[in-house]
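What follows is one structure encoded as structure tokens, with my remarks underneath.
Just so you know, all these numbers are worked out from the coordinates, no wet-lab data involved. Predicted model, so just to flag it, every value in this text is computed and none were measured. Here the Cβ is made from the backbone with ideal geometry for all residues, glycine too, and neighbour counts use every protein chain on show.
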């Protein structure tokens, strides 16, 4: 079962799996958007869902959450329309209940007040530890929504580090964990980086990087 699910999720990334490839059998896809409270007061997280319009039964094996990298919000990686369809659409068209979540400071999620202050005034504000908590809030929302015990995670770049951290802490809530373009662990993290899981991408919220956003 796991091998079959992995094959579907990865093949959907290929250029051959487009709306035209699905032909007349392509189901209608519906989209919903949610604002989910983070585990920290005052922070709201953006969650998007796509699934077949006629989907009425939900299972852990057919539920997927995308976790974005350090540079861009989830929509620009997973729901970017290319040839009339995104990767998220392709997976949903295969009978999956598909979600993405923006951690704080990205996309439509709450922008921490520190991001409006001079970069020199604060240390890193959205490190991997913070992002793991935000992904956890997204997972909790999805599991509660459909009364399922776990789901599958797909991480991209820094998202692989976030996802790995979450699954290590919550193995009972995680099914498959697919890591794409994973980051390498830094052998010499900067003095400004913090948290028990450090990576090159985990430094994306450092002040110099924040200036470019």
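Among 103-110, 81-88, 142-149, 153-160, sorting by the average number of other beta carbon atoms lying within 10 angstrom of each residue, highest first, gives 153-160, 103-110, 81-88, 142-149.
By the beta-carbon count within 10 Å of each Cβ, the least crowded to most crowded order of 96, 141, fewest first, is 141, 96. Residue order for 132, 43, fewest other beta carbons within 10 angstrom first, comes to 43, 132.
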